[in-house]
Amino acid sequence: MKVVRLRDGKERSLLRRHPWVFEGSIAKGKADPGETVRVEAHDGRFLAWGAYSPQSAIRVRAWSFIESERIDAAFFVRRVQRAVALRARLAVDSDAVRLVHGEADGLPGLVVDRYGDTLVAQVGFAGAERWKDAIADALLAAAGAARLYERSDLGVRKLEGLPEQQRWLRGDGPTQLQMREHGWTLQVDIAQGHKTGTYLDQRDNRLPFAQAVRHFSCAEVLNCYSYTGGFTLAALAGGARQVTSVDSSAPALTLAQQHVQSNGFDATRHEAVDADVNAYLRAALEQGRRFDAIVLDPPKFAHTAAQAERAARAYKDINRLGLKLLRPGGLLFTFSCSGGIGPELFHKIVAGAGIDAGVDAAILRRMAAAADHPTTLEFPESDYLTGLALLARA
Ligand code: SAH
């Protein structure tokens with residue numbers, strides 16, 4: 001068994017069960033990509049079993065903090081069963097569920113979403129890659145699923161020296177599936193769609209949006225960064241008279257249009273606009289347009305903590321424009337999915353946007369990812385999605 005020995009004082013985060021060991025914390029020890037190592041404090045005390053990533057700044061990710069635990073196929077069966085059991089206890093109003101959420105499920109670098117009896121996995125680091133076959137078998141057995149598609153077309157794999165990969169890992173079948181959410185039926189393309197096909201993390205924020213649209217009688221709704229129209233359906237379900245979906249992905253907008261019709265809403269109440277949101281917001285402002293409710297759910301503006309400052313400006317900009325486009329008394333659901341922008345910083349950014357826009361608003365609700373994307377006590381980094389539901393003063 002290879003040993004990685006930490007520098008004096010660098011054991012603290014592992015003792016708090018945070019699973020990452022950065023390159024700079026290591027005094028000595030090396031291993032092959034994904035190989036299991038014993039991580040020790042400077043004095044030889046056991047800290048964790050982890051997987052080694054020779055090329056990554058996060059050099060080791062911990063599998064277990066229990067010295068007697070063996071990292072073998074049976075370990076992955078236990079971890080996967082534990083993750084699946086958590087979801088079974090949550091009341092998820094969908095047949096599409098995140099089954100494994102990386103570090104928060106004790107499986108660093110692994111994301112698995114379930115769409116009915118099809119699983120879609122993303123493997124983002126050398127440790128999970130090395131154990132991929134054992135994990136795949138454990139997943140199918142624990143979830144009672146028939147097939148598993150791998151969507152490891154991830155930029156982060158480059159940092160790990162791993163090639164991008166996309167294929168059926170177990171079984172095969174159609175890559176265009178149907179899923180159900182809040183009584184709506186949605187099409188998901190697990191091969192071409194974003195992430196594993198769609199954004200399950202926003203599930204629990206779509207229903208409150210529908211409720212707020214109804215409660216505040218919002219007639220005209222603007223859904224920015226709509227993707228395939230999750231919040232668009234919510235607005236229509238909430239009784240909106242006219243909904244505009246804006247996105248820069250034509251295939252996503254085509255699906256949004258289809259979803260409006262296939263879920264029984266009047267297609268004339270919906271307009272899909274293929275545009276850059278920033279440009280769209282500026283043009284709408286120039287034309288003097290106003291909306292009763294707006295959703296801003298942009299892609300990740302900051303990919304690393306270092307990009308947070310520039311991202312903060314971009315978030316402030318769209319929020320300023322969004323707030324200006326609200327009618328007095330209007331509703332804004334605004335989000336960030338950048339890990340480097342925590343809820344407190346996001347609040348500050350949106351507050352700044354409010355001042356610049358001259359809009360005073362009350363916070364109706366603070367939002368995060370749905371509970372099947374858990375954040376654990378030890379690993380706050382998995383809390384990447386943050387949002388505010390704001391009600392402007394009338
Ligand atoms: N709100 C969606 C998820 C949004 S994900 C949902 O509930 O499912 C972010 C979306 O922003 C993606 O669909 C992507 O195509 C789109 N996007 C990225 N950059 C954009 C830009 N500059 N202008 C418009 N859309 C953009």
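Key figures
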| read-out | value |
| --- | --- |
| Qualifying residue in the range 194-201 (condition: assigned to a loop (DSSP other than H, G, I, E, B), at positive phi, surrounded by fewer than 22 Cβ atoms within 10 Å (Cβ to Cβ) and more than 9 Å from the ligand (Cβ to nearest atom)) | no |
| Top-ranked residue of the range 208-267 - restricted to ones that are among the aromatic types (Phe, Trp, Tyr) and assigned to a helix (DSSP H, G or I), ranked as nearest to ASP292 (Cα to Cα) | PHE209 |
| Within the range 338-372, tally of residues that are of a type in the set (Asp, Glu) and part of a loop (DSSP other than H, G, I, E, B) | 2 |
| Residue match in the range 276-287 (condition: part of a loop (DSSP other than H, G, I, E, B), more than 25 Å from the chain's Cα centre (by Cα) and either surrounded by fewer than 16 Cβ atoms within 10 Å (Cβ to Cβ) or more than 15 Å from the ligand (Cβ to nearest atom) (or both)) | yes |
| Scan of the range 319-344 for residues that are of a type outside the set (Gly, Ala, Ser), closer than 21 Å to LEU385 by Cβ and either touching a Phe, Trp or Tyr at 6+ places or on another chain (Cβ under 6 Å) or surrounded by fewer than 17 Cβ atoms within 10 Å (Cβ to Cβ) (or both), ordered by number | LEU331, PHE333, CYS337, PRO343, GLU344 |
| Qualifying residue in the range 351-369 (condition: buried (at least 22 other Cβ atoms within 10 Å of the Cβ), touching a residue at least 12 places away in the same chain (Cβ under 8 Å), on the phi < 0 side of the Ramachandran plot and within 16 Å of the ligand (Cβ to nearest atom)) | yes |
| Pairs where the first residue, in the range 19-36, is modelled with pLDDT of 95 or more and the second is among the acidic types (Asp, Glu) and crowded, with 18+ Cβ neighbours inside 10 Å, C-beta under 6 Å, 6+ apart | PRO19/GLU103; GLY34/GLU129 |
| Set ARG61, ARG70, ARG82: member being closer than 15 Å to ASP372 by Cβ and not hydroxyl-bearing (Ser, Thr, Tyr) | ARG82 |
| Residue check, ASP266 surrounded by 14 or more Cβ atoms within 10 Å (Cβ to Cβ), acidic (Asp, Glu) and without any contact (Cβ under 8 Å) to a residue 60 or more places away in the chain | no |
| Inter-residue pairs, beta-carbon under 9 Å, first in a helix (DSSP H, G or I) and in the range 324-337, second among the small types (Gly, Ala, Ser) and more than 16 Å from the ligand (Cβ to nearest atom), 6+ apart | LYS324/ALA357; LYS324/GLY358 |
| Selection from the range 120-130 of residues that are modelled with pLDDT of 95 or more and either in contact with a helix residue (DSSP H, G or I) (Cβ under 6 Å, 6 or more places away or on another chain) or acidic (Asp, Glu) (or both) | VAL123, GLU129 |
| Set ARG70, ARG87, ARG38, ARG59: member being closer than 25 Å to LEU139 by Cβ, charged (D, E, K, R) and surrounded by 15 or more Cβ atoms within 10 Å (Cβ to Cβ) | ARG87 |
| Unmet criterion (only one of (1) in contact with a strand residue (DSSP E or B) (Cβ under 9 Å, 6 or more places away or on another chain); (2) closer than 19 Å to TYR199 by Cα; (3) within 14 Å of the ligand (Cβ to nearest atom)) for ALA210 | (1) |
| Some residue of the range 288-299 being near the ligand (Cβ under 9 Å from one of its atoms) and either acidic (Asp, Glu) or out of contact with any Phe, Trp or Tyr (no Cβ under 8 Å at 6 or more places or on another chain) (or both) | yes |
| Unique match (being among the small types (Gly, Ala, Ser), more than 30 Å from LYS30 (Cα to Cα) and surrounded by fewer than 16 Cβ atoms within 10 Å (Cβ to Cβ)) among GLY155, GLY173, GLY161 | GLY173 |
| Residue that is farthest from the chain's Cα centre (by Cα) [pool: residues in the range 15-36 that are part of a strand (DSSP E or B) and closer than 17 Å to GLU103 by Cβ] | THR36 |
| Filtered residue count, the range 220-255, keeping only those that are more than 22 Å from ILE318 (Cα to Cα) and within 13 Å of the ligand (Cβ to nearest atom) | 4 |
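The values are calculated or read from the model by the stated rules, or taken from the named source; none is laboratory data. Keep in mind that what you see is a predicted model, and the values were worked out from it rather than measured. Backbone-built Cβ (ideal geometry, glycine too); neighbour counts: all protein chains shown.
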